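Some notes on the structure that comes next.
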Amino acid sequence: MGQVGSKPDSLIERVSFGIDPLDWGAPEGVLRSSTILFAGESGTGKSALVAHIAANFMHRGERCLYVALDDSPESFVEQLESFGWRGRELYQRGLLYIVDGYTYTTGRYVSSSFANRSVNVQRVDELTNAIIASVEELKMSGSGVLVIDSLNDLLYFHDITRVVMFIKSIRAFVSKSRKILSLVVLHTDTESTAELAKSVEHLFDGVIYTRINEDLRKLGIPLKELLVKKLRGCPTNPFWIPYAITANGVMPVDTEKLANLIKAKLKEYERLK
Ligand SMILES: Nc1ncnc2c1ncn2[C@@H]1O[C@H](COP(=O)(O)OP(=O)(O)OP(=O)(O)O)[C@@H](O)[C@H]1O
Ligand SMILES: [Mg+2]
């Protein structure tokens, strides 16, 4: 993965995600100055996708500023480790910098051993300021990735207007002015959050949806798929692309194995007739 192309004015430097199924959807990468939404139902792989992208950045020496909202900072480090990446070491080396917006909401005022900053997300300005202050402290500019997992926690505490202002601030102060790729996760488990995802698409430079294939789900095959719906300034292949989450991260689906699995399931189904 890495830089896949840039023009002399550096305004349009592109980076690839470095993950095959995603790169098939975004064949020329994404603009560094993008804010990208990852939306989909629970368990469809959003966190794994953003973790894999973040790991690719860190493995080539770029920082990841991770904002833990859904789950503890430890969980993100453990997730990296579960894919065989050295999360603890990346944290200790300062390549991984974590803003903990999770612990405070649990009411346990204990500081996490993997948190560089803690914030109370009940005050959205505090969160925005903590992210901008972290970017400044780390002197991140023209490199690195910001991950926010997820927006849903903000929606529990704030009305949509404040959440929209938060997204706009991140896009303006982190992605645009600092040229830091920003990845924002949104769970769409309810009709209202699915509608919300559609209604905020225009606020993002890129939109990527994840899902479980409905037809195969009926056969008992939980095939994950992703769709790169839009990317500002870059071409896309906007088709649902199958992918798998393995012990080594996000991978393409082995089509032969999938075909055999479908054949076996259909045979089983025939026997029931
Ligand atoms: N280390 C791993 N090895 C194999 N599979 C894994 C690993 N980590 C996660 N997975 C798979 O990824 C799936 C969940 O993906 P993920 O947590 O990224 O979904 P999500 O869309 O973020 O869900 P949620 O909205 O609940 O946060 C798990 O159900 C599991 O099958
Ligand atoms: Mg998740």
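The values are calculated or read from the model by the stated rules, or taken from the named source; none is laboratory data. Note that the structure is predicted; figures quoted are calculated from it, not measured. For neighbour counting, all protein chains shown are included, and Cβ atoms are generated from backbone atoms with ideal geometry for every residue, glycine included.
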Among residues of the range 105-123 being touching a residue at least 24 places away in the same chain (Cβ under 8 Å) and closer than 19 Å to V77 by Cα, the residue surrounded by the fewest Cβ atoms within 10 Å (Cβ to Cβ) is S113
What residue, of E126, E136, is over 18 Å from L181 (Cβ atoms), out of contact with any His (no Cβ under 7 Å at 6 or more places or on another chain) and either surrounded by fewer than 17 Cβ atoms within 10 Å (Cβ to Cβ) or among the small types (G, A, S) (or both)?
E126
For the range 169-196, what are the residues that are under 14 Å from the mean Cα position of the chain (by Cα) and not β-branched (V, I, T)?
L181, S182, L183, L186, H187
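Matching residues to (1) more than 30 Å from D125 (Cα to Cα); (2) at pLDDT 95 or above; (3) within 16 Å of ligand 2 (Cβ to nearest atom); (4) surrounded by 12 or more Cβ atoms within 10 Å (Cβ to Cβ):
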site: R178; (1), (2), (3), (4): no, yes, no, yes
site: G220; (1), (2), (3), (4): yes, no, no, no
site: I245; (1), (2), (3), (4): yes, yes, yes, yes
site: V250; (1), (2), (3), (4): yes, yes, yes, yes
site: L261; (1), (2), (3), (4): yes, no, no, yes
Could you list, ordered by first residue, the pairs with Cβ atoms under 6 Å in which the first is in the range 138-164 and closer than 21 Å to N116 by Cβ and the second is within 15 Å of ligand 2 (Cβ to nearest atom) and among the small types (G, A, S), at least 6 apart or interchain?
V145/A54; V147/A54; D149/S47
Which of the residues that make up the range 33-46 are away from ligand 1 (no atom under 12 Å from the Cβ) and part of a loop (DSSP other than H, G, I, E, B)?
S33, S34
Of the residues that make up the range 103-116, is at least one more than 16 Å from ligand 2 (Cβ to nearest atom), over 24 Å from E41 (Cα atoms), in a helix (DSSP H, G or I) and hydrophobic (A, V, I, L, M, F, W, C)?
no
For the range 219-241, enumerate the residues that are touching a Lys or Arg at 6+ places or on another chain (Cβ under 7 Å) and either within 14 Å of ligand 1 (Cβ to nearest atom) or of a type in the set (G, A, S) (or both).
G220, I221, E225
Quick check on L272: is it of a type in the set (A, V, I, L, M) and free of Cβ contacts under 8 Å to residues at least 12 places away in the same chain?
yes
Any residue at all in the range 55-68 that is in a strand (DSSP E or B), within 16 Å of ligand 1 (Cβ to nearest atom), closer than 14 Å to T210 by Cβ and touching a residue at least 60 places away in the same chain (Cβ under 8 Å)?
no
Does L49 qualify as being at pLDDT 95 or above, closer than 21 Å to S175 by Cα and not in a helix (DSSP H, G or I)?
no
Considering (1) within 19 Å of the chain's Cα centre (by Cα); (2) exposed (fewer than 11 other Cβ atoms within 10 Å of the Cβ), say which one K273 fails and leave the rest.
(1)
Given the options L155, L216, name the one that is in a helix (DSSP H, G or I), within 19 Å of the chain's Cα centre (by Cα), within 16 Å of ligand 1 (Cβ to nearest atom) and at pLDDT below 95.
L155
Look through V164, V200, V184 and report the one residue that is more than 16 Å from ligand 1 (Cβ to nearest atom), surrounded by 15 or more Cβ atoms within 10 Å (Cβ to Cβ) and not charged (D, E, K, R).
V200
So for the range 94-104 (the condition being under 20 Å from the mean Cα position of the chain (by Cα), within 14 Å of ligand 1 (Cβ to nearest atom) and surrounded by 14 or more Cβ atoms within 10 Å (Cβ to Cβ)), does at least one residue qualify?
yes
